[in-house]
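Okay, so here's the structure we're looking at.
The values are calculated or read from the model by the stated rules, or taken from the named source; none is laboratory data. As the structure is a prediction and not an experimental result, all values here were calculated from the model. Here Cβ is always computed from backbone atoms with ideal geometry, including for glycine, and neighbour counts include all displayed protein chains. Calculation scope for accessible area: heavy atoms of the full protein, side chains included, ligands and nucleic acids excluded. Shrake-Rupley method; radii C 1.70, N 1.55, O 1.52, S 1.80 Å.
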Amino acid sequence: SGLPESIVAAACARSGQRVLHVDSRNYYGGNWASFSFSGLLSWIKENQQTTELSDECEDWKKLILEDEEAIPLSRKDKTIQHVEDFCFGDQDSAEGVEEAGALPKLPVLGASEAKEVSPGSEEECPAVESPCPEPESPEPEQDTEPAGATEGNGAGTTSGSESSPGESTLELGQTEATPSETPAQEPKKITYSQIVREGRRFNIDLVSKLLFSRGLLIDLLIKSNVSRYAEFKNATRILAFREGRVEQVPCSRADVFNSRQLTMVEKRMLMKFLTFCLDYEQHPEEYQDHESSTFAQFLQTRKLTPSLQHFILHSIAMVSETESRTLDGLQATKKFLQCLGRYGNTPFLFPLYGQGEIPQCFCRLCAVFGGIYCLRHPVRCLVVDKASGRCKAIVDHFGQRISANYFIVEDSYLSETTCTNVCYRQISRAVLITDQSVLNTDSEQQVSILTVPPVERGKPAVCVIELCSSTMTCMKDTYLVHLTCPSTQTAREDLEPVVQKLFNVNAENGKKTENEELEKPRVLWAVYFNMRDSSGVEKNSYSGLPPNVYVCSGPDSALGNDCAVKQAETIFKEMFPTEEFCPPPPNPEDIIYDEDEIEPEGSGLSNSPETKPEPPAEESSGGEAAAVTKEE
């Protein structure tokens with residue numbers, strides 16, 4: 001139930017197809033999921049186990065007829081490797097500490113069974129089981145309201161939470177009600193036991209991405225009206241790491257002219273170059289002689305100062321210094337500039353409660369239009385008709401044979417036999433919990449993106465996304481930091497040098513031994529892991545797949561979600577060429593019900609645990625989170 005599969009499921013259900021969506025995991029999202037802290041610890045433990053699952057019962061093979069053959073599916077997810085987690089505090093102090101608001105364990109369950117059920121229940125409804133925050137002030141903090149909140153209706157419901165939008169925004173206001181501290185104040189000391197106790201305040205993404213405000217995913221959310229199921233917050237600042245210091249990058253016209261980092265000459269240089277990038281296609285004579293050069297080399301010919309070249313390359317275009325060509329950089333810069341101003345002063349939005357909300361939003365749309373969802377439901381094999389070569393059914397772990405016309409499979413479910421000729425890339429990921437921001441300002445509530453240039457030749461640049469507590473992804477007085485880059489070694493080997501540059505990783509209770517360490521945020525907890533990137537694999541690379549079986553990839557290393565949306569639309573169009581992809585749902589007033597189809601009151605059943613009644617209009621207005629809607 002990752003993002004591409006969920007979009008395809010929603011599009012198929014919306015076009016009137018009957019959809020069955022099964023997932024062997026006990027949570028939505030696959031490698032796109034978000035976890036509470038205890039849920040992530042369970043995920044880490046599961047992926048550190050190396051034991052193979054043996055196929056004890058092979059009764060399902062009796063269901064395969066003589067004129068059929070079976071394509072076995074993998075029983076163990078092998079997309080995650082080299083998982084290493086570290087606690088930089090007193091871990092023993094957390095023994096016996098449980099998450100606040102945790103449900104009591106039922107006596108009928110064994111310990112092993114309780115451990116299996118708990119992470120799933122947290123992930124499906126992360127906000128239901130979280131304790132209500134104690135009101136600290138009757139007035140919500142005003143600083144955290146995103147600049148783009150005026151565009152659209154101001155709020156939307158949140159998939160994965162049973163609370164209404166009004167309650168969600170109220171909780172957000174209460175959580176962040178205290179006035180922000182000044183940079184001079186000593187950050188509060190956060191212990192590991194506090195993190196465990198407040199574990200349900202965390203929504204930790206396995207994949208770290210942002211939404212471009214004019215990207216394909218935002219356009220799809222608006223077109224399909226799925227945006228009403230989620231809330232979003234602006235990324236408030238773009239940062240750069242240069243000469244050992246973190247600086248804020250001026251992006252918009254107002255930021256450029258208000259910047260104290262740039263001289264007047266640099267401001268004019270920057271504005272002139274950005275204006276050129278907006279319509280560079282109209283001036284081919286400016287760049288055609290440099291098309292074979294890298295974008296970094298092209299910038300050197302534009303009479304830009306070294307600091308401006310650094311800002312444009314790493315913080316605006318965000319392209320590789322050694323691999324990206326001139327046109328790649330110009331296209332990336334133009335996309336960045338076109339996204340400015342739609343919802344705020346930066347091009348990016350972040351979904352409240354984490355990236356894992358987005359797949360669930362599309363799953364909810366699928367369920368609304370009749371899709372059926374089954375978690376904890378492994379599939380043993382695909383059944384292929386020998387005569388036609390088409391897949392005609394699946395056999396699940398219950399021994400049930402389920403027939404269908406089309407089959408969409410996530411890459412991790414395919415066995416090694418099917419993937420013999422496939423060459424995968426890898427993504428290096430790290431997630432940190434820190435006690436303060438990498439760049440302190442008057443406001444604590446900042447969502448920041450920072451690109452750290454390669455630490456040495458041959459290494460990739462590292463994308464750092466820092467989330468504050470008002471994104472509903474971490475507890476108060478902490479920050480959640482995601483680091484991502486294409487892999488060259490293990491995740492720890494790729495990312496630890498960057499972590500050491502930006503953060504204090506002294507494990508002795510945060511003892512700071514050098515003057516420069518005083519300015520660095522302290523890492524409280526960290527995890528490193530490698531994730532498979534199957535986004536570049538062509539279907540013909542898989543061995544023996546029938547033509548009506550379509551493969552969805554896992555997350556890619558790019559910052560946005562365009563790859564997943566393009567993949568979902570391509571698969572849908574191959575299956576149903578004449579159908580519209582995710583059309584807008586009809587207005588309730590325009591639906592004409594047949595009397596025979598109207599069920600008696602109180603007898604309605606839902607196919608999805610995520611489905612919940614829409615709140616009244618007065619509850620949906622206001623709040624600090626901006627809903628994505630069509631522009632006026």
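Computed with a 1.4 Å probe over protein heavy atoms only, the accessible surface of segment 247-350 comes to 48 Å² per residue. With the simple model of a label 7 Å out from the Cα in the direction of the Cβ, Lys272 to Lys539 spans 5.1 nm. Across segment 17-34, coupling constants 3J(HN,Hα) worked out from phi with the 6.51/-1.76/1.60 Karplus curve, θ = phi - 60°, read 7, 8, 10, 10, 10, 10, 9, 6, 7, 9, 8, 7, x, x, 7, 9, 6, 10 Hz, and Gly and Pro carry x.
Of the accessible area of segment 428-473, with the probe set at 1.4 angstrom, what percent is carbon plus sulfur?
Details: 540 of 1180 Å².
So the carbon and sulfur contribution to the accessible surface is 46 percent.
Listed here are the pairs Lys334/Lys501; Lys62/Lys386; Lys189/Lys209; Lys45/Lys78; Lys335/Lys566; Lys78/Lys386; which of them are more than 20 Å apart at the Cα? The answer is Lys334/Lys501; Lys189/Lys209; Lys78/Lys386.
Size of the dipole of segment 247-350 about the Cα centre, Lys and Arg at +1 and Asp and Glu at -1 on the beta carbon, nothing else charged, in debye to 20? It works out to roughly 480 debye. In a DSSP loop and with at most 11 other Cβ atoms within 10 Å, the GluC sites (Glu not before Pro) in segment 296-364 are Glu323. Fully extending the segment from Lys45 to Glu574, taken as 0.36 nm per residue of separation minus the present Cα-Cα distance, adds 186.5 nm.
Between Asn587 and Lys189, the modelled labels are 6.1 nm apart [label points 7 Å from Cα along Cα→Cβ]. With both labels modelled 7 Å from their Cα along Cα-to-Cβ, the Phe86 to Glu69 distance reads 4.9 nm.
Counting only C-alpha contacts under 8 Å and six or more residues apart, can you give the relative contact order of segment 247-350 as a whole percent?
29
Computed over neighbours whose Cβ is under 11 Å from that of Phe369, the net charge equals +3, Lys and Arg +1, Asp and Glu -1.
Give the peptides 68-74, 10-16, 568-574 in descending order of average Cβ contacts within 10 Å, highest first.
Values: 68-74: 17.3, 10-16: 22.6, 568-574: 19.0.
In descending order of packing, they fall as 10-16, 568-574, 68-74.
So if R0 is 25 Å, what FRET efficiency would Arg214 and Asp279 give, r being the distance between their Cβ atoms, rounded to the nearest 0.05? Between Arg214 and Asp279 the formula returns 0.95. Each Cα pair under 8 Å and six or more residues apart adds its sequence gap; the mean of these over the residue count of segment 380-538 is a relative contact order of 26 percent.
Around Leu432, with a cut-off of 14 angstrom between Cβ atoms, what is the net charge of the other residues, counting Lys and Arg +1 and Asp and Glu -1? Local charge sum for Leu432: -1.
Peptides 299-312, 575-588 ranked from most to least packed by the mean count of surrounding Cβ atoms within 10 Å: 299-312, 575-588.
For segment 470-504, backbone nitrogen atoms closer than 19 Å to the point 7 Å from Lys78 Cα along Cα-to-C-beta are found at 490-491. On the protein heavy atoms, probe 1.4 angstrom, tell me the percent of accessible surface of segment 247-350 carried by carbon and sulfur. Its accessible area is 47 percent carbon and sulfur atoms.
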